[in-house]
Amino acid sequence: MMIIRRADERGLTKTSWLTSHHTFSFGDYIDPLHRGFEVLRVINEDFVAPSEGFPLHYHENMEIITYMISGVLQHKDTLGNSVKISANEIQRMTAGHGIRHSEFNASDKDPVHLLQIWVLPNERGLEPNYEQMSVPVLTSGSGWVPLISPEKTENSLSIHQDLALYKATLSPEEKISYTLQENRAGWIQVIRGDLSLETETLSSGDGVSFYGPMTIDLQSHKDSEILLFDMALRV
């Protein structure tokens, strides 16, 4: 069974400098039907105004992924990291037993567009940690390219959870499939584009949850970019 979470059904936080669309309950937005999906706790699509951002704040016991869509974000944390995250880069921060960090738009002219994703870790009280890498430049036919996996590889970041994150870039009319195994959960997040999934049409900001065993078949109707999470069931 698949359940579609439409972009226009998401929660919304809007301030003078931030527009944030919440797939799941977050902050003042509480939706009893959408508190997360298995080990996936947060997917926020954020638009941050020039020179604005999130001042120093605290996290613990969470795996936090930032996927940059456009712009440049300045990240600083209490581990001593001070780095810029640019479009088509991804970072993973293990909050562990506690970390403080800040995130600001590094430009005084251009907005930042990003996805912030929180994943429940498989262990509490971990040592805080930070990783960052460039996302491979994908063309049509590249298939599912791993970005995050339980074990760090040459081409993917690691995460403290039985979860893999993939990206696919599709040209108009291109097809792609994915087979989810038994006792696994899947989530698709559309970054941009329009696609068909069985009898449904997916557009930018839409999400889809599903459980294995299942094979999903997608067809793009224009240039599209999607993320796919393959994760363990929450115990």
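Of the strands (runs of 3 or more DSSP E) contained entirely in region 78-121, those carrying at least 3 residues that are in contact with a Gly (Cβ under 9 Å, 6 or more places away or on another chain) and at pLDDT 95 or above fall at 99-105, 112-119. Residues being out of contact with any Pro (no Cβ under 8 Å at 6 or more places or on another chain), loosely packed, with under 15 Cβ neighbours inside 10 Å and over 16 Å from residue 65 (Cβ atoms) are represented in region 156-172 by at least one member. Would a scan of region 43-52 turn up a residue that is of a type in the set (Phe, Trp, Tyr), part of a strand (DSSP E or B), closer than 22 Å to residue 18 by Cβ and over 17 Å from the mean Cα position of the chain (by Cα)? No, region 43-52 contains no residue that is of a type in the set (Phe, Trp, Tyr), part of a strand (DSSP E or B), closer than 22 Å to residue 18 by Cβ and over 17 Å from the mean Cα position of the chain (by Cα).
Let's see how each residue does on (1) outside the structural domain of residue 152 (by TED's automatic domain parsing); (2) among the acidic types (Asp, Glu); (3) closer than 24 Å to residue 155 by Cβ; (4) surrounded by 14 or more Cβ atoms within 10 Å (Cβ to Cβ):
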| position | (1), (2), (3), (4) |
| --- | --- |
| 20 | yes, no, no, yes |
| 32 | yes, no, no, no |
| 42 | yes, no, no, yes |
| 73 | yes, no, yes, yes |
| 91 | yes, no, yes, yes |
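Given the criteria closer than 24 Å to residue 84 by Cα and surrounded by 14 or more Cβ atoms within 10 Å (Cβ to Cβ), does residue 178 qualify? Judged against the criteria, residue 178 is not a match.
Taking region 128-181 as the region of interest, the strands (runs of 3 or more DSSP E) fully inside it that hold 2 or more residues being free of Cβ contacts under 8 Å to residues at least 60 places away in the same chain and under 22 Å from residue 101 (Cα atoms) are 129-134. Scanning region 1-39 for residues that are assigned to a loop (DSSP other than H, G, I, E, B) and aromatic (Phe, Trp, Tyr) gives 17, 24. The set of residues from region 192-235 being part of a strand (DSSP E or B), of a type in the set (Ser, Thr, Tyr) and over 21 Å from residue 21 (Cβ atoms) comprises 196, 211, 215, 220.
The values are calculated or read from the model by the stated rules, or taken from the named source; none is laboratory data. The structure presented is a predicted model; accordingly, all values stated were derived computationally and were not measured. Glycine also receives a Cβ, built like all others from the backbone with ideal geometry; neighbour counts cover every protein chain displayed.
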